[in-house]
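The values are calculated or read from the model by the stated rules, or taken from the named source; none is laboratory data. Owing to the predicted nature of the structure, the values given are computational and were not obtained by experimental measurement. Using ideal geometry, Cβ is built from the backbone for each residue, glycine included, and neighbour counts are taken over all protein chains shown.
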Amino acid sequence: MSSFIPSSVPRLRPAVIIPQILLRLSPTMRTLYLEATPARMIATKALGRVWRGAYFSRIAPLHLAETPDPRLPLPTWARVRNRLCGICGSDLHQIFLDADLDVAPIALPSHHRIYLGHEMVGEITELGTDVTGLKVGQRVVRWGRGDDCRARGREILCPACQRGHRVLCEHASDPREHEPVGGGFGDSFIFPAASLIPVPEALPDEQAIFAEPVAVAIHAAWRRKPRPGEKLLLIGCGTIGCLLLQVLRKLCPECDITTLVQFDWQGAMALVLGADRFLMGVANVYAKSPEITGAKRYSGLFNNTMLLGGWDVVYDVVGIPATLNHALRWARARGAVVLVGATLRRMKLDLTPIWYQEVDLIGSVGHDVVTWQGREIGTFQLAMEWMLAGDIRTDLLLTHRFPLEDYRRAFAVATTDKARERSVKVAFEFN
């Protein structure tokens, strides 16, 4: 029997037709992800040096796609529909491939497909049969990457997970049978329910998306807690900087806090949020240090400047060579520098202050469990408590919202257009 398809129309093989039909009939989700293959990364980085649009081109790792909404792979997993998700600096570093391929974390196993967005608040739409403590319709935020001992369902926890610092899990890079699908930059995602935290009803979405960055700020402050009368220097007043400023003020009302900002409007905001003063520019920090801290300033050849005396603690939320090199020189003898921000690039650093002045350089990543007023409490829960109590303000920080399809504009506002737009936290909103 002859075919009814005209000869001028190309025939589609069943292997092509069937997936297309299934995609139309099955539930789908939009999601932004990175296809982080070496070829795409190398080509995009090379072209990105002369054309920023390369990061959104066809050769780029970044994709906005509509994919099938997968079934829950295990009875301990959940499905979450996103409501609002903030854009984090770590998301932007990945999107714009801001990393060297020979730094330590790159040596760890990773996945080619990376789903973006973790500063999210969403609503549970489906729960596995073994999940307890959560219910469908409940709003949640997400804890970590879903690759720690608790998320994997391990009976024996590694030392980091035992103490609640699951970001440092020793099994995070172990192979696993099932991978989370989707992220905060999308309609929905599936994830181990052990990594979802309920949001109090009284906490609006606009605050809930700050639960993770506030938890990060709390952990950073606990890495070197401020003491009454100490002089603190906070480098950077983006989202984490503004939140860390408030956490430090909450922990120690009697300390003196100076912020180093990039723009004067950031300085004005820092004053509202509890800073004693703000400075702009490295030279200004050296110039004002004697007045603020009692330090002595010395200058040698080649514009080489050093302080004796200085700040008791410097919190570097930027974490680039320019800030960290100076931070080590700004800390007093036996003071501390807490590295909160980070760049995935090799640094050329003058580490002599660590030896010559016995300055402690302390790393800070993620969130954990802390002791507060006699309670052992997770920093996520403490973050939400403090926001509910009005101790942490976020109303000044959520400055821009975009639908997911306007992701190019959203990323521009968060980066190249930051000064003009006066952006702090940029977020995607979902209906």
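Filtered by the rule that a residue be surrounded by fewer than 20 Cβ atoms within 10 Å (Cβ to Cβ) and closer than 14 Å to Val317 by Cα, segment 255-275 gives a lone residue, Gln262.
Restricting the first member to segment 411-427 and to residues that are over 18 Å from Ser90 (Cβ atoms), and the second to residues that are modelled with pLDDT of 95 or more and not small (Gly, Ala, Ser), the beta-carbon pairs closer than 7 Å and six or more apart or on different chains are Ala419/Phe263; Glu421/His400; Glu421/Val413; Arg422/Trp265; Arg422/Thr399.
Every condition in (1) hydroxyl-bearing (Ser, Thr, Tyr); (2) in contact with a Gly (Cβ under 7 Å, 6 or more places away or on another chain); (3) modelled with pLDDT under 95 holds for Ser195 except the one numbered (3). Taken over segment 353-404, the residue count meeting the criterion of being under 19 Å from Leu84 (Cβ atoms) and among the acidic types (Asp, Glu) is 1. Restricting attention to segment 331-379, and to residues there that are of a type in the set (Asp, Glu) and under 18 Å from Trp222 (Cα atoms), which single residue is surrounded by the fewest Cβ atoms within 10 Å (Cβ to Cβ)? Top of the filtered list is Glu376.
Are there strands (runs of 3 or more DSSP E) fully within segment 138-254 with at least 1 residues that are among the basic types (Lys, Arg), buried (at least 18 other Cβ atoms within 10 Å of the Cβ) and in contact (Cβ under 8 Å) with a residue 12 or more places away in the chain? List them. Give the derivation first.
On the way: elements: 139-142, 188-192, 196-198, 231-235.
The qualifying strands (runs of 3 or more DSSP E) are 139-142, 231-235.
Based on this model, can you work out whether Gly117 counts as more than 23 Å from Pro75 (Cα to Cα), in contact with a Phe, Trp or Tyr (Cβ under 7 Å, 6 or more places away or on another chain) and at pLDDT 95 or above? Yes: the conditions hold for Gly117. Only residues that are in a strand (DSSP E or B) and touching a Pro at 6+ places or on another chain (Cβ under 7 Å): list them for segment 119-137, please. Scanning segment 119-137 gives a single hit, Glu119. Is it true that Leu271 is assigned to a strand (DSSP E or B) and either over 25 Å from the mean Cα position of the chain (by Cα) or of a type outside the set (Val, Ile, Thr) (or both)? Against the criterion (assigned to a strand (DSSP E or B) and either over 25 Å from the mean Cα position of the chain (by Cα) or of a type outside the set (Val, Ile, Thr) (or both)), Leu271 does not qualify.
Search segment 66-79 for residues being at pLDDT 95 or above and loosely packed, with under 14 Cβ neighbours inside 10 Å, and hand back the single one that is nearest to Phe185 (Cα to Cα).
Of everything passing the filter in segment 66-79, Arg71 is nearest to Phe185 (Cα to Cα).
With respect to the stated conditions, Lys296 fails to be touching a helix residue (DSSP H, G or I) at 6+ places or on another chain (Cβ under 8 Å), surrounded by fewer than 15 Cβ atoms within 10 Å (Cβ to Cβ) and closer than 30 Å to His93 by Cα.
I need the helices (runs of 4 or more DSSP H) fully contained in segment 310-411, keeping only those with at least 1 residues that are under 23 Å from the mean Cα position of the chain (by Cα), not hydroxyl-bearing (Ser, Thr, Tyr) and not assigned by TED's automatic domain parsing to the domain that holds Gly236. If you could, list the steps in order and put the result at the bottom.
On the way: elements: 321-330, 352-356, 379-389.
Correct list: 379-389.
Can you tell which of Arg83, Arg113 is in the same structural domain as Arg49 (by TED's automatic domain parsing), farther than 14 Å from Leu32 by Cβ and in contact (Cβ under 8 Å) with a residue 40 or more places away in the chain? So that I can check it myself, show each step before the final result.
Working: Arg113 fails: farther than 14 Å from Leu32 by Cβ.
Every option except Arg83 fails the conditions.
Just to verify a result, which residue in segment 102-114, among those that are in a loop (DSSP other than H, G, I, E, B) and surrounded by fewer than 14 Cβ atoms within 10 Å (Cβ to Cβ), is modelled with the lowest pLDDT? In this case the residue turns out to be His111.
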